[in-house]
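Reviewing the structure listed below.
The values are calculated or read from the model by the stated rules, or taken from the named source; none is laboratory data. This structure is a prediction, so every number in the text was calculated from the model and none was measured. Positions of Cβ are generated from backbone atoms using ideal geometry, with glycine treated the same way; all protein chains shown enter the neighbour counts. Side chains are part of the model used for accessible areas, which takes the heavy atoms of the whole protein and leaves out ligands, DNA and RNA. Shrake-Rupley method; radii C 1.70, N 1.55, O 1.52, S 1.80 Å.
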Amino acid sequence: EYFNYEYVNNGNNILFVGGTSFLKGIDRLLKTYNEIYKINKNIKIIIVGNTDLNYLQQLIKKNKYLFKLSDLDVRGFLETKDILKAYDESFCMVHPSYIDNSPNSICEAQIAGMPVIASSVGGVGSLITNGSTGILFNSEHELSQKILELFSNTKLRNQISEMSKKIARKRHDPTDILKKTMAMYEQIKQN
């Protein structure tokens, strides 16, 4: 379905696909969002995935953030068609994970042409060439700067969208993956 979708790049939201998983970086995202909220209250976060609203409320209260839980668009688990709808409403996907190898959410976003900003951890750097097929960051301050830069720079969003889509659709081509997998099995079978 991601191969048949064309990203339109016209939303004002940040998409986060990680629910309230600590390892996926929800705390980093909220800290960053508080900085963004000070500058631009029109940028919102769409949170997708297994989400504990009480945990979100505790993080907001504990850290005395300026925004409220009602300022977040929490959608929970979604089917693919609803994730693609969230893409339409967003200008980027943020993946502030503390640890990750090859996250499907990044691969799917890139196939669709959704610009991705991700932490430079684990195997994420093998999926994103910084500034070309996405944006990598190392700190919350850098993340807020990168989000605001991408929000205000339509040309950069379009460039990342086109380049990431081109490379991801080739990298994740189902026909090519099937051929390579079958070739490996044949090689094992012969040995």
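What to note about this one:
- For region 123-135, 3J(HN,Hα) computed residue by residue from phi via the Karplus equation (6.51, -1.76, 1.60; θ = phi - 60°) reads x, 4, x, 7, 9, 10, 9, 4, x, 10, 10, x, 10 Hz, glycine and proline entered as x.
- When each of LYS24/LYS44; LYS85/LYS170; LYS61/LYS85 is checked by Cα-Cα distance, pairs over 27 Å: LYS61/LYS85
- Degrees separating the helix 53-62 axis from the principal Cα axis of the chain, which is the longest one: 50 degrees
- Where only DSSP H runs of four or more residues are counted, the chain gives -15000 deg cm²/dmol as its mean residue ellipticity at 222 nm, each run worth -39500 (n - 2.57).
- Taking the chain and dividing mean pair separation by its residue count, relative contact order in percent (alpha carbons under 8 Å, at least six apart): 24 percent
- Excluding exposed DSSP-loop chymotrypsin sites (Phe, Trp or Tyr not before Pro) (at most 13 other C-beta within 10 Å), longest clean stretch of the chain: 78-191
- Sites count as exposed loop sites when they are trypsin sites (Lys or Arg not before Pro), lie in a DSSP loop, and have at most 12 other Cβ atoms within 10 angstrom; the longest stretch of the chain without one is 69-191.
- Of all accessible heavy-atom area on region 52-154, the percent that carbon and sulfur account for (1.4 Å): 48 percent
- Linear extension gain, ASN104 paired with LEU66, 0.36 nm per residue minus alpha-carbon span: 10.5 nm
- Computed over protein heavy atoms with a 1.4 Å probe, the accessible surface of region 49-191 works out to 56 Å² per residue.
- Between GLU108, GLU149, GLU140, the residue with the greatest mean-square fluctuation in the GNM of the chain (Cα pairs under 10 Å linked by springs) is GLU149.
- Note on log10 I(q)/I(0) by the Debye sum over Cα atoms at q = 0.13 Å⁻¹: of the candidates (1) -0.83; (2) -0.65; (3) -0.58, the value calculated from this structure sits at (2).
- Using the Cβ-Cβ distance between LEU53 and ASN130 with R0 set to 41 Å, the FRET efficiency works out to roughly 0.75.
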